[in-house]
Every structure is written in C-alpha cells, then in structure tokens.
Amino acid sequence: MKFRGKMTELTCMKQFSSVVQTLKGLSRLCVLRLCADRFHFIISPENMGQRGAMVWCTLDQTHFFSEYNMKGVTEEDNEIYLELAPDMLMKALNSLKFSQVAKSVKIKLTNKMHPCLTFEVELPSNAMHSRICVHDVPVNTIPRRDWPDYRPPDLPRFDVGIEVPSLKTLRGVVDRMKALQPHVVMAANKLGSMSLKVSTDTASIAMHFRDLRIVDPGLGRQILNSEGDNEEDMYSVRLDAKRLSSVLTSELLHPRRVICHILDDQMLHMVLEHEDVLMHYCVTAVSA
C-alpha cells in the first residue's frame with residue numbers, strides 16, 4: 001500500500017482543516033478511505049455512542065491535491081482504509097491556523113515502527129529557506145474483511161426533503177432548547193415549513209421556519225411545492241438534542257446549502273454541500 005499527496009492551494013488547505021475540525025467535534029475515532037479519485041472520512045455509529053449517527057464525508061481529490069498518488073491493497077481492491085484520531089489529525093494541521101501563506105502540505109503513508117500518516121507543512125520564514133513542520137499521525141490499517149462495515153448505508157425513500165436555513169441559526173435554537181429538554185423534535189412538510197420543538201411538563205416551545213425550498217427526498221433536486229399537501233401534514237423525528245447540536249457544528253464548513261431528509265419517526269438524513277465536499281449525517285430517532 002502506498003499513498004502520497006500534496007496540497008498547494010491555501011484555500012484547499014483551510015477547507016481540509018475545517019473538515020477535520022468538524023470531525024474532531026463528533027468522534028474520537030474515524031476512518032479514512034483512500035480511493036483513486038476520491039477520499040472519504042467515515043464515522044461509524046459505534047464511535048458516536050448508542051444514540052449517535054453515521055457520518056461520511058466525500059472529498060474530490062482533484063480539487064484538493066496538486067499531486068495525488070495511491071496504490072491500494074490489490075489491483076482489484078485499489079483502496080486503503082485507515083483508522084485514526086481526528087484530534088491527532090487536527091494537531092498536525094494546527095500550524096495552518098497561524099499562517100496565511102503556507103506554501104504546501106504533503107501527506108504520505110509511512111511506517112515508523114507503526115503505520116503513520118506523515119504531514120509535512122511548509123511554512124515561510126524570514127530567512128532564505130522555508131520551515132518544514134513534520135507531524136506523524138498514528139493509524140491502524142483496516143483489513144479487507146472489515147471494509148463492508150464502513151460502506152455508506154442504503155438509504156430509504158424519505159418522506160420529505162427540505163433545504164434548511166443557516167446552520168448557525170439552527171444550532172443557536174437547538175442549544176437553547178437542549179437546556180430545557182434533552183430531546184428535540186424536528187418536523188417538516190411539503191409546503192416548505194419546518195419546525196424545531198421541545199416540550200416540558202409546564203410548556204412547549206417551538207421555532208417555525210416558512211417558505212423553505214422543497215427538494216426531492218430521493219434525488220436532492222428542487223421541486224415545486226405539492227398542492228395536495230396540507231399544512232398539517234408534518235413528518236417528524238425525535239432527536240437527541242446534544243447530538244443534533246454537535247452535528248450542526250458543521251457550520252465551520254460554510255456549506256453552500258444544507259438539505260434535511262426526514263423519514264417519519266425513524267431517521268434524519270442531513271446533507272451538506274460545499275464545492276467539492278459532500279458531508280452526510282444519518283441520525284436515528286430516539287423513542288419517546
């Protein structure tokens with residue numbers, strides 16, 4: 001197995017760092033799946049707790065890397081699966097926070113008494129030569145027999161798909177609600193209405209959003225509002241408020257748009273789109 005990549009565009013380095021920062025807030029472990037054309041970050045439900053989510057993030061390597069070479073386990077299975085800690089990965093990229101002129105980031109799979117992803121961050125200096133910051137991130141290689149455990153799930157046909165407003169706004173609402181109740185109900189209909197609601201013994205509090213874009217719950221395309229639906233035809237899902245709040249930290253990515261798909265009483269599927277990054281969250285419902 002071999003892997004070597006190089007990023008030279010500062011915006012791509014920052015974007016890559018934002019993806020890692022988002023993953024760091026979700027789980028202590030993730031899986032990096034390296035392919036010839038794309039690479040994926042995957043978080044399994046086991047690593048997010050009993051009431052967690054499955055997360056997978058797909059990045060187009062041609063957008064991020066000026067150089068990208070990899071050789072998988074075999075010619076037939078030309079992929080590499082690595083388990084690593086997002087926290088360690090973020091530490092390797094910390095030097096990008098303090099520099100607006102980083103020259104490059106090189107990433108390669110190495111073996112230093114243990115498999116590692118070695119990061120070489122090239123930074124300018126006052127002298128004639130550049131400074132190179134080297135970080136080794138320990139990884140565990142995942143055998144082929146376990147690869148199916150990290151494949152994206154087969155998604156059902158959802159009841160409704162809706163393009164949601166600012167993640168920052170949603171997170172602010174959820175953070176206030178979770179102080180009152182550990183669970184929040186998200187609901188939407190095919191007329192472009194969405195709500196977040198919590199109920200206590202003494203009160204019910206809801207935030208309503210109107211005139212949102214409806215998308216095909218299977219294809220993600222915008223569609224016309226359905227004339228046959230009534231305002232009361234809401235599809236809802238009861239979620240762990242703390243977990244939903246952590247998912248909404250994806251505002252760090254500054255996504256171009258965010259789509260929520262709801263399977264009534266069963267699942268929330270959230271998709272974040274930003275340039276050549278696509279991030280999915282599947283959050284299962286919490287029983288009442």
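The values are calculated or read from the model by the stated rules, or taken from the named source; none is laboratory data. This one's a predicted model, so the numbers in the text were calculated from it and none came from an experiment. Using ideal geometry, Cβ is built from the backbone for each residue, glycine included, and neighbour counts are taken over all protein chains shown.
Considering only residues of the stretch 118-143 that are touching a residue at least 60 places away in the same chain (Cβ under 8 Å) and surrounded by 14 or more Cβ atoms within 10 Å (Cβ to Cβ), which is farthest from Cys12 (Cα to Cα)? So that I can check it myself, show each step before the final result.
Our first condition is that a residue be touching a residue at least 60 places away in the same chain (Cβ under 8 Å); within the stretch 118-143, this holds for 139, 141-142.
With surrounded by 14 or more Cβ atoms within 10 Å (Cβ to Cβ) added as a condition, the list becomes 139, 142.
Details: Val139: 23, Ile142: 27 Å.
The selected residue is Ile142.
Does Ala85 satisfy being over 30 Å from Ala241 (Cα atoms) and touching a helix residue (DSSP H, G or I) at 6+ places or on another chain (Cβ under 9 Å)?
Details: over 30 Å from Ala241 (Cα atoms): no; touching a helix residue (DSSP H, G or I) at 6+ places or on another chain (Cβ under 9 Å): yes.
Spelling it out, it is not the case that Ala85 is over 30 Å from Ala241 (Cα atoms) and touching a helix residue (DSSP H, G or I) at 6+ places or on another chain (Cβ under 9 Å).
Given the condition over 20 Å from Asp276 (Cα atoms) and either without any contact (Cβ under 8 Å) to a residue 60 or more places away in the chain or not aliphatic (A, V, I, L, M) (or both), answer yes or no: does some residue in the stretch 53-70 qualify? No, that holds for no residue.
Conditions tested, residue by residue: (1) outside any helix (DSSP H, G or I); (2) more than 30 Å from Leu212 (Cβ to Cβ); (3) of a type in the set (Gly, Ala, Ser).
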site	(1), (2), (3)
Ile132	yes, yes, no
Arg145	no, yes, no
Met186	yes, no, no
Lys197	yes, no, no
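Number of residues in the stretch 105-130 that are in a strand (DSSP E or B) and either closer than 30 Å to Asn78 by Cβ or at pLDDT 90 or above (or both) equals 15. Quick one: is Met54 under 18 Å from the mean Cα position of the chain (by Cα) and either surrounded by fewer than 20 Cβ atoms within 10 Å (Cβ to Cβ) or modelled with pLDDT of 90 or more (or both)? It is false that Met54 is under 18 Å from the mean Cα position of the chain (by Cα) and either surrounded by fewer than 20 Cβ atoms within 10 Å (Cβ to Cβ) or modelled with pLDDT of 90 or more (or both).
Evaluating Leu253 against the criteria (1) buried (at least 19 other Cβ atoms within 10 Å of the Cβ); (2) at pLDDT 85 or above leaves one unmet condition, (2). In summary, Ala102 fulfils each of the numbered conditions (1) modelled with pLDDT of 90 or more; (2) outside any strand (DSSP E or B); (3) touching an Asp or Glu at 6+ places or on another chain (Cβ under 9 Å) with the single exception of condition (1).
The residue of the stretch 153-180 that is nearest to Asp216 (Cα to Cα), among those that are surrounded by fewer than 14 Cβ atoms within 10 Å (Cβ to Cβ) and touching a strand residue (DSSP E or B) at 6+ places or on another chain (Cβ under 7 Å), is Pro156. Scan the stretch 181-198 and tell me whether some residue there is within 19 Å of Cys282 (Cα to Cα), crowded, with 19+ Cβ neighbours inside 10 Å and either assigned by the TED database to the domain that holds Met88 or touching a Gly at 6+ places or on another chain (Cβ under 9 Å) (or both). Yes, the stretch 181-198 has at least one match.
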